[in-house]
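Worksheet: the structure to be examined is printed underneath.
None of the figures in this text is laboratory data; all of them are computed from the coordinates on show. Everything numeric here is computed off the predicted structure, so don't read it as measured data.
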Amino acid sequence: MADEETGKIDGGLQASIVAKAKKKAGEGMVIFPIPDEPRVKIVIDEQEGHEGHQPVKLGINGHVLVIKRGHEVEIPESFINLLKELKYTVYGKDDAGNDTERDVPRFAWRKVA
């Protein structure tokens, strides 16, 4: 039950919600309660570098997902939108020696049918 004064959920109910969400999401993800919305099956691939094999942590308005790379998981559509927006800028030179910049996706991920 939720505490009427604070609105917080008691530990037992919270654990139950998390357990159901984990079962629904799959073994590759730790999920904290998120409002119901359409879900999309994805895989976030491993990448080069130290962080390329680390779990991916995503958060929206206090709702957090920790996604293990290389595992098929179902995540809320709002997190797909976040993944699409996460980019970083790569700077370099073109063949003529001019400075260039381009935005590339932060994570290599793909939808699973």
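Karplus-based coupling profile of the range 62-78, in residue order and whole Hz: x, 8, 10, 10, 10, 10, 6, 5, x, 10, 6, 9, 9, 10, x, 4, 4, with θ = phi - 60° in 6.51 cos²θ - 1.76 cosθ + 1.60 and x standing for Gly or Pro. Residues whose amide H comes within less than 5 Å of that of H71, counting only those at least five positions distant or on another chain, are I44 (H built at 1.01 Å from N in the peptide plane). In sequence order, the range 85-95 has phi-based couplings of 7, 6, 9, 9, 9, 10, 9, x, 10, 8, 4 Hz under the Karplus curve 6.51 cos²θ - 1.76 cosθ + 1.60, θ = phi - 60°, and Gly or Pro positions carry x. Compared with the alpha-carbon gap, the fully stretched path from V90 to K68 is longer by 5.4 nm at 0.36 nm per residue.
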